[in-house]
1. Output the residue which, of all residues in the stretch A:75-90 that are of a type outside the set (Phe, Trp, Tyr) and closer than 21 Å to A:VAL143 by Cα, is surrounded by the most Cβ atoms within 10 Å (Cβ to Cβ).
2. Say we look at the stretch A:247-266 and pick out the residues that are part of a loop (DSSP other than H, G, I, E, B) and polar (S, T, N, Q); which of these is modelled with the highest pLDDT?
3. Out of contact with any Leu (no Cβ under 9 Å at 6 or more places or on another chain) and among the small types (Gly, Ala, Ser) - does that describe any residue in the stretch A:123-136?
4. Within the stretch B:11-28, identify whether any single residue is among the basic types (Lys, Arg), part of a helix (DSSP H, G or I) and at the interface with chain A (Cβ under 9 Å from one of its Cβ atoms), and answer yes or no.
5. Answer yes if at least one residue in the stretch B:99-111 is surrounded by 20 or more Cβ atoms within 10 Å (Cβ to Cβ), in a helix (DSSP H, G or I) and touching a Lys or Arg at 6+ places or on another chain (Cβ under 9 Å), and no otherwise.
6. Could you tell me whether the stretch A:90-101 includes any residue that is touching a residue at least 24 places away in the same chain (Cβ under 8 Å) and within 13 Å of another protein chain (Cβ to nearest Cβ)?
7. Can you tell me which residues in the stretch A:51-72 are under 26 Å from A:ILE176 (Cβ atoms), small (Gly, Ala, Ser) and within 10 Å of chain B (Cβ to nearest Cβ)?
Amino acid sequence: MTINELKDVASQVRRDIIRMVHGCQSGHPGGSLGATDIVTALYFDQMQIDPKHFKMDGAGEDMFFLSNGHISPMLYSILARRGYFPVAELATFRRLGTRLQGHPTPVEGLPGIRMASGSLGQGLSVAIGAAQAKKLSGDNHLVFCLMGDGEQEEGQIWEAAMYAPAKNVDNLVAIIDYNKKQIDGSTDDVMSLGNLRAKYEAFGWKVYECDGNDMQEIVDNLNEARENAHQGFAQIILAHTEMGMGVDFMMGTHKWHGTPPNDEQAASALSQLKETLGDY
Amino acid sequence: MKIEVQNFKDTRSGFGDGLLEAGKRNPKVVGLTADLTGSLKMGDFAKEFPERFFQVGIAEANMIGIAAGLANGGFIPFTGTFANFSSARIYDQIRMVVSYSNKNVKIAASHAGVTLGEDGATHQTLEDIGMMKMLPNMTVLVPCDYNQTKAATIAAAEHNGPVYLRFGRPKVANFTPADEPFVIGKAQMIQEGKDVSIFACGHLVWKAIEALPILKEMGINAELINIHTIKPLDVEAVLKSVAKTGCVVTAEEHMRNGGLGDSIAQVLALNNPRPLEMVAVNDVFGQSGTPDELLKHYHLDTPDIVEAVKKVIARK
């Protein structure tokens, strides 16, 4: 896809996010909006996948794991827009009986979801396991994992961060949605992440950095990481993002981490986001 | 069942040998350990299948996540560490990516209970059966000797779904037939009787067997059933036995809260309320000592089973 086409998809995804969270008056719009460009690039440009024939084991295709499961509206919208399931189903988000649970789960049968996430800090371990499975199976496809920056405070992340370089997990690309915010405030105030780049480098990762809301930079970084796969080292992209990106009043604050917009706010947000693929 | 002690072996060796056998039968079987290859007797598997063995280091949470990812990719991972670090330490990880996500991960939990011995309470988990049986999708196995642990390991590999496999450290009597297949969810009749039903699991099955001749001398004809599968519980076997005997003793190397006795109590209360005595640890932590000393100290020994039988029969 061209950069402009990817931007159009991302705009529609952002509309979906606002409408889903507004519709059920629940969910996490801020982080979802911020991570939209990264995951749009993965699913619409980068990953080799077969949405119409979803396979749980992901054999013969690239795989994606979302570690910070609370930004599920973003993932659900992208999966639906990519053809994993009907876009109309987005209207069921967080409602009783839905396959679109508050946090993603594979047990309700939603195509595209392979592992539950939401309890933070676990996705990188799972992605490493999936990557090891690919190696054992002789499958050269890649595994991608998106993490939040707040969840870097979880100890398990650093168990996994130590493992991947030590065991040469080179068919994995980790990405951090580095928006510098979490529920209680800025990461600097809550628990400074310090020099995240230096930390991962010290653990032995090859580290990339990009503007996680600049589609061209995202695609360039992912292209480079894919070219450098299978060379004996683990790779991670620090994607600097803006929580709430695309909606002016949701940017520059952590207040929209887990708060839905009211009718007026939703209308204002949607007026800022171009409808490109048709609302669900 | 004919009870014949073939030798004295540790149940963890049954796991190690069972894992090797399961690995030979199915190339999808893989092993992971958190720095306890030797303690879990996984060395032979690691040597035979080095490419299918993952040394994760002392990082149990990461190990469970990696296992879930491997299982998602079609493999059958066995994680190996001590029971306490296979349960309490990583309960949320097991809950989300194994049990809730329903991934085909086998959690091999060694050194369970007080018979871990001298290391003391920090390592002597007495709560793991309770934690694991509360998780939907989870199968909980507590085999009684070397042969049965080996068979249970092979059965766990063949079963599709999460399994918690609990076994121990010390050498104990190995008495179940070597060629007996392990049927998950099917209780094992050790001795038929009519005066009392003894339901035991793990190391305490042998302690209950030792109690049988003592009871016989006292004129008590006890029925002994090995509940090697805590979940799914063989409710039919339990009720059938109780209908005959009218009273129950449970015996386990676990906390009374949440253990086998608690599961049996639920079945009785809901279906056929009968007197029940529980041989179990009652709301205290363990401590250092030899396995035999600890079994005696925490009233998990043969005389304690005899006393419980006398008490429950008096309550009939």
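1. Per the stated criteria, the residue is A:SER77.
2. The selected residue is A:ASN262.
3. Scanning the stretch A:123-136, I find at least one residue that is out of contact with any Leu (no Cβ under 9 Å at 6 or more places or on another chain) and among the small types (Gly, Ala, Ser), so the answer is yes.
4. Checked against the condition, which is being among the basic types (Lys, Arg), part of a helix (DSSP H, G or I) and at the interface with chain A (Cβ under 9 Å from one of its Cβ atoms), the stretch B:11-28 yields no hits at all.
5. No: the stretch B:99-111 contains no residue that is surrounded by 20 or more Cβ atoms within 10 Å (Cβ to Cβ), in a helix (DSSP H, G or I) and touching a Lys or Arg at 6+ places or on another chain (Cβ under 9 Å).
6. yes
7. Residues satisfying the conditions are A:GLY58, A:SER67, A:GLY69.
Here is a yes/no grid of residues against (1) surrounded by 23 or more Cβ atoms within 10 Å (Cβ to Cβ); (2) within 15 Å of B:VAL163 (Cβ to Cβ); (3) of a type in the set (A, V, I, L, M); (4) in contact (Cβ under 8 Å) with a residue 12 or more places away in the chain:
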{"position": "B:GLY16", "(1), (2), (3), (4)": "yes, no, no, yes"}
{"position": "B:LYS24", "(1), (2), (3), (4)": "no, no, no, yes"}
{"position": "B:GLY31", "(1), (2), (3), (4)": "yes, yes, no, yes"}
{"position": "B:PHE53", "(1), (2), (3), (4)": "no, no, no, yes"}
{"position": "B:ILE64", "(1), (2), (3), (4)": "yes, yes, yes, yes"}
{"position": "B:PHE82", "(1), (2), (3), (4)": "yes, no, no, yes"}
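The values are calculated or read from the model by the stated rules, or taken from the named source; none is laboratory data. Keep in mind the model is a prediction, meaning the values are calculated, not measured. For neighbour counting, all protein chains shown are included, and Cβ atoms are generated from backbone atoms with ideal geometry for every residue, glycine included.
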